[in-house]
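The values are calculated or read from the model by the stated rules, or taken from the named source; none is laboratory data. Note that the structure is predicted; figures quoted are calculated from it, not measured. Cβ: placed from backbone, ideal geometry, glycine included. Neighbour counts: every protein chain shown. Heavy atoms of the whole protein, side chains included, go into the accessibility calculation; ligands, DNA and RNA do not. Shrake-Rupley method; radii C 1.70, N 1.55, O 1.52, S 1.80 Å.
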Amino acid sequence: MNQFNKDIRKYTIILLFCAYHDTKYELSLYGMNKINTLGEISMKKSVVIATALMSAFLLTACGSQSSSSSKQSSSQTSSKSFAKSSSSKKQSAASSSSSSLKQSASSSSNSSAKASSTAKTTKVDDKTAGVMLMLLVEPDYLKQYIGNDYFCYSPAGENLLTDGGATTADYSYLTANGDPTSFLYYKVDGNTVTYKMWMVSDSGIVADGHFETKTVSLSTLENDYYVTQSQKDEVNGYVSQLKSESDYLNQNK
């Protein structure tokens, strides 16, 4: 803008200078004693000066308008950039907030799902505990033989059996009434389920084998096999197919 004003002043001075010398030339040509000619020369001089001043005014006005337009354009561009930046920041903040809320909701939902899928220890009967235990240690054996007349349940205290000097009098059992490896002995004491299984010897001879005793919590069995309705239906279905060991033994005396 400063350079533009300097140019205007320069061109104005040039125009005035030209007007002055043009008038001087005409005065020397016609002489000072010629009044009419002098009047014409003065008029020409006035016209030239007025023209120069008008040009200077117009150039100044154009320069001012151009500067104003430039400033307005720059102001509008700056305002748009600020508005765009502000909008981007708002969108980013909104996106971050939405993402945090979704993550929080998802975490809460997962926690609720885990809590609801974890069973509280319920008072299941002895048969049901035995079926869940067999699903843990011998699931294929259970599913293969359940429903047969020889697949039976015996509560503790009945059908006393001893093997290898290890008593099982206070253990209930499930069995398909085969060799000693077909019996699963167990007893429930509060939340602890203790069970015994006959293990064959290293040489593979059943008679030379021994009992192996382990424990598992009842709540673990329930959490693994007795939470959803479909799990309960499966377990209860197996329980309903168990036969009485006493009846089986009486029939096969």
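When only residues in the range 177-191 that are touching a helix residue (DSSP H, G or I) at 6+ places or on another chain (Cβ under 7 Å) and surrounded by fewer than 19 Cβ atoms within 10 Å (Cβ to Cβ) count, which is farthest from THR220 (Cα to Cα)?
Restricting attention to the range 177-191, the residues satisfying the condition of being touching a helix residue (DSSP H, G or I) at 6+ places or on another chain (Cβ under 7 Å) are 177, 184, 186, 188, 191.
Next cut, surrounded by fewer than 19 Cβ atoms within 10 Å (Cβ to Cβ) only: 177, 191.
Working: ASN177: 28, ASN191: 9 Å.
Restricting to residues being touching a helix residue (DSSP H, G or I) at 6+ places or on another chain (Cβ under 7 Å) and surrounded by fewer than 19 Cβ atoms within 10 Å (Cβ to Cβ), the top hit is ASN177.
Taking the conditions (1) assigned to a loop (DSSP other than H, G, I, E, B); (2) within 22 Å of VAL124 (Cα to Cα); (3) of a type outside the set (Val, Ile, Thr) in turn, TYR153 satisfies each one other than (1). Pull up the range 122-148, narrow it to residues that are loosely packed, with under 12 Cβ neighbours inside 10 Å and modelled with pLDDT under 95, then point me to the one that is farthest from ASN223 (Cα to Cα). Ranking the candidates gives LYS123 first.
Annotation: of all residues in the range 241-252 being open to solvent by 80 Å² or more (accessible area, probe 1.4 Å) and assigned to a helix (DSSP H, G or I), the one that is nearest to LEU135 (Cα to Cα) is ASP247. For the range 224-240, filtered to residues that are more than 17 Å from PRO155 (Cβ to Cβ) and surrounded by fewer than 13 Cβ atoms within 10 Å (Cβ to Cβ), the residue that is nearest to the chain's Cα centre (by Cα) is THR228. Of the residues making up the range 192-209, those that are touching a Ser or Thr at 6+ places or on another chain (Cβ under 7 Å) and among the charged types (D, E, K, R) number 2. If the condition is being out of contact with any Leu (no Cβ under 6 Å at 6 or more places or on another chain) and assigned to a strand (DSSP E or B), then the range 174-194 contributes THR175, PHE183, TYR185, LYS187, VAL188, ASP189, THR192, THR194. Looking across the range 192-210 at every residue that is open to solvent by less than 40 Å² (accessible area, probe 1.4 Å) and of a type outside the set (Ser, Thr, Tyr), the one that is modelled with the highest pLDDT is identified as VAL193. Within the range 178-191, residues that are more than 14 Å from ALA207 (Cβ to Cβ) have Cβ atoms under 9 Å from residues that are in a loop (DSSP other than H, G, I, E, B) and acidic (Asp, Glu) in these pairs: LEU184/GLU138; LYS187/ASP170, counting only partners at least 6 apart in sequence or on another chain. Within the range 211-223, which residues are among the β-branched types (Val, Ile, Thr) and open to solvent by less than 40 Å² (accessible area, probe 1.4 Å)? Within the range 211-223, just VAL216 meets the criteria.
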